[in-house]
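The values are calculated or read from the model by the stated rules, or taken from the named source; none is laboratory data. Keep in mind that this is a model prediction, so the values were computed, not measured. Cβ placement follows ideal geometry from the backbone for every residue including glycine, while neighbour counts extend to all protein chains displayed. Note: areas computed on protein heavy atoms with side chains; ligands, DNA, RNA excluded. Shrake-Rupley method; radii C 1.70, N 1.55, O 1.52, S 1.80 Å.
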Amino acid sequence: MKIIDARGLSCPEPVILLQREMAGGEAAYQMLVDNHASKENTSRYAMHQGYHVEVSEENGEYTLTFTK
């Protein structure tokens, strides 16, 4: 599973990173973000690409897992 660390980045940068990685066509990705907007925007993008999204939060940081 490819891990994408987007902590410290503001939108649209996390979405662009995710888009670039998903162009590779892997079945699963994990993304680390540290703000609500990035969590919402990357989740929405992944769902539009046909991925299932799971989110966990710890100490203000989100771990998003995208699977097909």
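Viscosity 1.002 mPa s, temperature 20 °C: give me the Stokes-Einstein translational D for the chain in µm²/s, with Rh taken as the Kirkwood radius over C-alpha pairs.
Answer from the Stokes-Einstein relation: 187 µm²/s.
Averaging sequence separations of C-alpha pairs under 8 Å and six or more residues apart, then dividing by the length of the chain, give the relative contact order as a whole percent.
So the answer I get is 34 percent.
Magnitude of the Cβ-charge dipole of the chain, K/R +1 and D/E -1, about the Cα centre, nearest 20 debye?
Dipole about the Cα centre, nearest 20: 280 debye.
Between 0 and 90 degrees, the angle of helix 36-48 with respect to the longest Cα principal axis of the chain falls at about 10 degrees. Taking every protein chain into account, the 1.4 Å probe leaves Ser43 with about 10 Å² of accessible area, to the nearest ten. Rounded to the nearest 10 degrees, the inclination of helix 13-22 to the longest alpha-carbon principal axis of the chain is 20 degrees.
Each residue of the range 54-67 is assigned a 3J(HN,Hα), and the resulting list reads 10, 10, 10, 10, 8, 6, x, 10, 10, 10, 10, 10, 10, 9 Hz, derived from the Karplus form 6.51 cos²θ - 1.76 cosθ + 1.60 (θ = phi - 60°), x at Gly and Pro.
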